[in-house]
Each structure stands twice: as C-alpha cells, then as structure tokens.
Amino acid sequence: VSEHGAPVLLVHGGAGHIPDDLVEAYLAGLRTAMDAGWAMLARGGSAVDAVEAAIVSLEDDGSFDAGRGSVLNQDGRVQLDAMIMDGASLAAGGVGAVETVRNPIRLARLVMETSPQVYLVAAGAERFAATHGLPRVDNATLVSPRERRRFEAARELAGVDPPAAPVHDTVGAVALDAEGNLASGTSTGGTTYKPVGRIGDSSIVGAGGYADNDSAAASLTGEGEAIMRLVLGKWAVDRVAAGDPPQAAADAAIGRLGARLGAHGGLIVLDRLGRTGVASNAFRMAWGVRSATRSDAVMSGSDVDRG
Ligand code: GLY
C-alpha cells in the first residue's frame, strides 16, 4: 500500500457572479456541507460517501446552482447535471438534463454502482431513477422564487440583448478517506437561461471532474463550454501525476482556461497525500476545507487563492 495522508474534504460552491447578498448564505451552506461530508470520513466512511453527502447538502440548499434553487432554462424549468467518480476503481457515473430528481448526485452514484453504463440523460436517466427507487419530484418543487424572478428578467432581455450574465455556481467536492482513496463529485443546474438540453462540463468525466488514486481528484466550476473543450479536470489531475503539487496544478489549469480560451472558472484539487489546491479567475469563488486540523469556509476574490 503506497503512502497516503489523513482524511481531507475540500468543497466548492461555485465560481462566478456570486452577489453580495448571498455571500453569508454560501459560507453557511459550505459549512453545513462540510459537516455532512466530514461526518462520513470521521467515522471511517469512504471518499465516495463523503463527496455524495457534501453534495447532497449543497443540492438541498436553495442558495446554490445545484438541485433545488438552480437556475432555469429557456422553458422556465430546472435541468440538472451531476457526476461522481471513484479514484480507486476509476468507476464513474454521470447524469444530464434531469428534471425530476431532487439529488442528481445520488442518481449519478446509482449509475456508477449499479449499471454497466457511465452516463444517462433526460428521460432515460429519470426512468433509471424510478427503477432504482430514487424518489421523483415535480420540477416546480426545484424552482425557487429568486430564480423565477431571474428567469423573467432574462426572458425580457432575450432578443434585445444577449442573455443575462451567466452564473456559474456549480457545486463540487473532492475527498481523501482513511484508506487513501480519492473521489470527486460535481453537480449543477447549468447556466442561466440555457437552451433546453444544454449540458455543460459538470457531468462530463474529465471535464467537470476526475479522480484517480494514482494522482489526484478535481472538481471544476465555471464556463462549461470552455472547460469541456480543454478537458480541464483531467488536465489538472495529469499535472499532479507529472509531479506538480495540487496548488500548482490548480493555478496552471486556471491559467490555461484564461490564456487559451479567455474563459472564467475555478477548481479544487486534492492529492493522495492530502495536499490541496484551489484557484479561480472569476469574480468570486466559494470553497472550504475540512480535516482533523483545518476547518475553513472562504469566499475568495478574483486572485488565485492558496488552498
Ligand atoms: N460549469 C457549469 C456549467 O457550465 O454547466
């Protein structure tokens, strides 16, 4: 068994135009999510358990663009994407354009663990959820009054101006457990006023996240179309495999996102030694870290941040 560090959980609540009046709610939501994930790790649970628990908490918190309270698409509906990956086995599960599942990260885990497929979308993913006993909900229960107002504003602008500034407050988590296993998860409602059926990076293995015990785990947030074209999650993890510490890999990934495509985003990276990296070039990024010795929730500005 190769050397590994003590358990660590690193989470994010997205990078982008997080407004002033949501800063406190984001930090509180991150703390609650870290408590949920850390409770798993502290009692010997797996990295996958911790990632799922943290993301379920963020999906259930109406402040974030994931699960309930997500942004609305052009039909005025919530459409959710999520993925989870187990760094021990390289097993992965992704779901896209899901409208009737409250916690798409749970559905992604079900796909990972109970199907031979890696990715299910839309009606097929929802049928899979029903078959496996995951509760289904009416889409209206996922729509918050705040997002309904933003949707109405975006619809007024459409055709006059480009759609309102997209928000990118996807959520994600990476964890290292006591056995030395890494996992990654990411969940999102996507971008404001997105076309029906649009899928971003968050649920795509290697784009919105990746995990490999041989190198690192990463979860990303930001402009999904750019992150996909750079396969940036795998790119960051490969930098760790090549010898970069996670902070250097995170800095390099955001540097590449900006320099190569002029895009904005953020990511968290965690390696098997428990070293962390956090970087963003967005207006704000919300993130937090929890271990036996660290407990922080941070709203960082547009500079690259030290994890
Ligand atoms: N990064 C989230 C999205 O583009 O959907």
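What FRET efficiency do you get for Ala122 and Ala153 if R0 is 30 Å and r is their Cβ-Cβ distance, rounded to the nearest 0.05?
Taking R0 as 30 Å, the efficiency between Ala122 and Ala153 is 0.65.
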Revision key, fill the gap. Karplus ³J(HN,Hα) for the range 5-22 (6.51 cos²θ - 1.76 cosθ + 1.60, θ = phi - 60°; Hz, whole; x = Gly/Pro) runs x, 6, x, 9, 10, 10, 10, 9, x, x, 10, x, 8, 7, x, 3, 6, 10
Review point. Using the Cα atoms as the points, what is the convex hull volume per residue of the chain in Å³?
Key: 113 Å³
Practice item. Could you tell me whether the range 183-241 comes out rounded, prolate or oblate from its Cα gyration tensor? Rule is a ≥ b ≥ c as square roots of the eigenvalues, rounded for a/c under 1.5, then prolate if a/b exceeds b/c, otherwise oblate. Key: prolate
Check your understanding: If you average the sequence gap of Cα pairs under 8 Å that are 6 or more apart and divide by the length of the chain, what percent do you get for the contact order?
Key -> 25 percent
Review point. How would you order 60-73, 191-204, 16-29, 210-223 from highest to lowest mean count of nearby Cβ atoms within 10 Å?
Key: 210-223, 60-73, 191-204, 16-29
Practice item. Considering only Ala108, Ala91, Ala286, give the residue with the highest GNM mean-square fluctuation for the chain, with springs between Cα atoms whenever their separation is below 10 Å. Key: Ala91
Exercise for review: List the residues whose amide H sits under 5 Å from the amide H of Val121, counting only those 5 or more places along or on another chain, with H placed 1.01 Å from N in the peptide plane.
Suggested key: Gly96
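Coordinate-derived values only; no laboratory data. All of these numbers come straight from a predicted model, not from anything done at the bench. Heads up, the Cβs are rebuilt from the backbone with ideal geometry, glycines too, and the neighbour counts pull from every protein chain shown.
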